[in-house]
Amino acid sequence: MASIWTAERTTEQTTETVRILLAEDDPLLGEGLRSALRQQGFVVDWVRDGAAAEREIASQVYQAVVLDLGLPVRDGIDVLQALRARRVDTPILVLTSRDAVPDRIRGLEVGADDYVIKPIDMHELGARLRALVRRAHGKTADTLQLQQLVLEPASREVRFEGQAVNLSMREFDLLHALMLNAGRVLTREQLEQKLYSWGQEVESNAIEYHIHKLRRKLRPDLILTVRGIGYTMPRPD
């Protein structure tokens, strides 16, 4: 069986927090994809058939989907068509060994946002996913800025008023989620979904604890509590 990697990488790179669904039925490739994407900072849920993929996309919030076409129970093309028919606009990257031009055309015409042929370098896959998420949020560049707060997803660097800010992994991930959704209120449950994948234990006050730490390292009024609902970072007027 051919490896899904085109080149071996020994250094780990991290990126912005993006919760994705991986739909891949091959256990070896699926485990490799999940592990490699997690090393880049993605939160990954993995399903192994088309029916499960369609069910999870309908019930969970994902920033992107990596979809194999040759899935059991329900073919990936059928899943893609059904989702777009229901006006589900989650970015979907098709990752498949079907490399014939008609297959590529059909995949794009029925709603794929990107169509990638196996094997692929894992860092290229990560970059493509980040690009899809940026476009979905109406952004064309990685860098996020709110007033004097600047966040660089690719390098995981944060600067406030020109000074570097040292954040833990969870603090960075939480800040990135809030900045991506500036002007919107995110509930604690929504933030937990963005930060944690299946099977990861989440303490009941985890989000509140990380919000407290961010306010101390930045400025208390940058992150607002909307009582009874959640948290927001207001957009500047």
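Brief remarks follow.
- Selection from the range 175-219 of residues that are out of contact with any helix residue (DSSP H, G or I) (no Cβ under 7 Å at 6 or more places or on another chain), at pLDDT below 90, surrounded by fewer than 17 Cβ atoms within 10 Å (Cβ to Cβ) and in a helix (DSSP H, G or I): Glu189
For (1) out of contact with any helix residue (DSSP H, G or I) (no Cβ under 7 Å at 6 or more places or on another chain); (2) in a helix (DSSP H, G or I); (3) not assigned by TED's automatic domain parsing to the domain that holds Leu80, each residue gets a yes or a no:
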{"residue": "Asp103", "(1), (2), (3)": "yes, yes, no"}
{"residue": "Leu108", "(1), (2), (3)": "yes, yes, no"}
{"residue": "Tyr115", "(1), (2), (3)": "no, no, no"}
{"residue": "Pro119", "(1), (2), (3)": "yes, no, no"}
{"residue": "Leu125", "(1), (2), (3)": "yes, yes, no"}
{"residue": "Leu129", "(1), (2), (3)": "yes, yes, no"}
{"residue": "Val150", "(1), (2), (3)": "yes, no, yes"}
{"residue": "Glu171", "(1), (2), (3)": "no, yes, yes"}
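- Filter pass, Asp99 being outside the structural domain of Asp173 (by TED's automatic domain parsing) and surrounded by 18 or more Cβ atoms within 10 Å (Cβ to Cβ): no
- Residue within the range 143-158 that is surrounded by fewer than 16 Cβ atoms within 10 Å (Cβ to Cβ) and closer than 21 Å to Leu83 by Cβ present: no
- Leu69 being crowded, with 19+ Cβ neighbours inside 10 Å and assigned to a loop (DSSP other than H, G, I, E, B): yes
- Each residue in the range 220-235 was checked for being touching a strand residue (DSSP E or B) at 6+ places or on another chain (Cβ under 9 Å) and surrounded by fewer than 17 Cβ atoms within 10 Å (Cβ to Cβ), and 6 pass.
- Output for the range 27-66, where each listed residue is within 20 Å of Asp103 (Cα to Cα) and outside any strand (DSSP E or B): Asp49, Gly50
- Within the range 105-138, the set of residues being of a type outside the set (Gly, Ala, Ser) and without any contact (Cβ under 8 Å) to a residue 12 or more places away in the chain comprises Ile105, Leu108, Glu109, Glu124, Arg134.
- Pair list, Cβ under 8 Å, 6 or more apart: the range 192-209 residue in the same structural domain as Thr225 (by TED's automatic domain parsing), other residue part of a loop (DSSP other than H, G, I, E, B) and at pLDDT 70 or above: Gln193/Gln60; Gln193/Val61; Lys194/Val61; Lys194/Gln63; Val202/Tyr196; Tyr209/Glu203
- Among the residues of the range 15-58, those that are within 16 Å of Arg74 (Cβ to Cβ), buried (at least 21 other Cβ atoms within 10 Å of the Cβ) and of a type in the set (Asp, Glu) comprise Glu24, Glu54.
The values are calculated or read from the model by the stated rules, or taken from the named source; none is laboratory data. Remember, predicted model here, so these are calculated numbers, not experimental data. Every residue, glycine as well, gets a Cβ built from its backbone with ideal geometry; the counts of neighbours run over all protein chains shown.
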